[in-house]
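The structure under discussion appears below in the form of structure tokens.
Since every read-out is calculated from the coordinates, none of them should be taken as a lab result. In this text, all values refer to a predicted model and were calculated from it rather than measured experimentally. Using ideal geometry, Cβ is built from the backbone for each residue, glycine included, and neighbour counts are taken over all protein chains shown.
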Amino acid sequence: MNSSFVLHRRFYFEAAHFLPDYLGDCRNIHGHSYVLEIGVSGKIQISGSERGMIIDLKRLKALVQTSVLDVLDHALIVEKAEFSNGNSIPADMKLVVLRETPTVENLLKWIITRLTEDLPEGIRLEFSKLHETRDSWVEWRAGSAVFSR
Ligand SMILES: Nc1nc2c(c(=O)[nH]1)N=C([C@H](O)[C@H](O)COP(=O)(O)OP(=O)(O)OP(=O)(O)O)CN2
Ligand SMILES: [Zn+2]
């Protein structure tokens, strides 16, 4: 019965990216106000300070903050740390390097991989959505494959 409950939380971060192989505007560096939604399941606790909770939402928020938001917020997200024209990105710039081109799909893969590693024992990531614009987002559900960072 417990496993039917999925606890949801929404988060926000700003980041820049570009899609080098894209035929259109998105090949240029631009930013998005991303919205991240996650849903976790676990047993509803019957004792202790988190009695009645799958996990304290404040604890979940702190965990996502450290694991994902502190890394991505106001970062430039790139596939390679060097531009194809040979110019490097300034050393003091907040940079996140993905193994794949930083589409919303690949960014959500990266987020899910980190979160899955960092969630406490007994708490399972069931669902996640990453909104890149007001009208576009990608959704992942547990059971579908996530590839490595
Ligand atoms: N499947 C994907 N397609 C696109 C991605 C992506 O990550 N996955 N990303 C982009 C661009 O980076 C960007 O998200 C497009 O944003 P924007 O131009 O604001 O898109 P809109 O459709 O909202 O803007 P319009 O100008 O109204 O079309 C592109 N594709
Ligand atoms: Zn974009």
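Neighbour counting of Cβ atoms within 10 Å sorts the residues W110, W137, fewest neighbours leading, into W137, W110.
For the chain, a Gaussian network of Cα nodes joined below 10 Å ranks S49, S33, S41 by mean-square fluctuation, and the top entry is S49. Please list the non-local residues whose amide H lies under 5 Å from the amide H of V96, H modeled 1.01 Å from N, same-chain partners needing a gap of 5 or more. Residues meeting the amide H criterion: L76, I77, V78. Along region 28-37 the Karplus relation, 6.51 cos²θ - 1.76 cosθ + 1.60 evaluated at θ = phi - 60°, assigns HN-Hα couplings of 8, 5, 8, x, 9, 9, 6, 10, 10, 10 Hz to successive residues, with x for each Gly and Pro.
Could you compute the net charge surrounding L69? Neighbours are other residues with a C-beta less than 15 Å from the C-beta of L69; K and R count +1, D and E count -1. If you can, show how the numbers build up before the last one.
On the way: positive: R9, R10, K58, R59, K61, K94, R114; negative: E14, E37, D70, D73, D118.
Summing Lys and Arg as +1 and Asp and Glu as -1 gives +2.
Across region 97-103, coupling constants 3J(HN,Hα) worked out from phi with the 6.51/-1.76/1.60 Karplus curve, θ = phi - 60°, read 9, 8, 7, 10, 4, x, 6 Hz, and Gly and Pro carry x.
Fewest-first ordering of H17, H30 by other beta carbons within 10 Å of each residue's beta carbon gives H30, H17. Annotation note: trypsin sites (Lys or Arg not before Pro) in region 92-132 located in DSSP loop regions with a Cβ neighbour count of at most 16 within 10 Å are K94, R99. The translational diffusion coefficient of region 6-141, from Stokes-Einstein at 4 °C and 1.567 mPa s with a Kirkwood hydrodynamic radius over alpha carbon pairs, comes to 81 µm²/s. Positive-end ranking of L57, P20, V71 along the dipole of the chain, with charges on Cβ about the Cα centre, is headed by L57.
Can you give the calculated 222 nm mean residue ellipticity of the chain, where each DSSP H run of n ≥ 4 adds -39,500 (n - 2.57) and the sum is split over every residue, rounded to the nearest 500 deg cm²/dmol? Don't jump to the answer; show the numbers that get you there.
Values: 2 runs with 23 residues, N = 149.
Dividing the helical sum by the residues of the chain leaves -4500 deg cm²/dmol.
Rounded to whole numbers, the Karplus 3J(HN,Hα) couplings from phi for region 117-124 are 5, 9, 5, x, 4, x, 10, 10 Hz, using 6.51 cos²θ - 1.76 cosθ + 1.60 with θ = phi - 60°, and x at Gly and Pro. Using Cβ point charges alone (K and R +1, D and E -1), the dipole size of the chain about the Cα centre works out to roughly 520 debye. Computed on the chain, with alpha-carbon pairs under 8 angstrom and 6+ residues apart, the relative contact order is 26 percent. With the charge dipole of the chain set up from +1 on Lys and Arg Cβ and -1 on Asp and Glu Cβ about the Cα centre, the Cα lying farthest toward the positive end among the listed residues M93, G143, G48 is that of G48.
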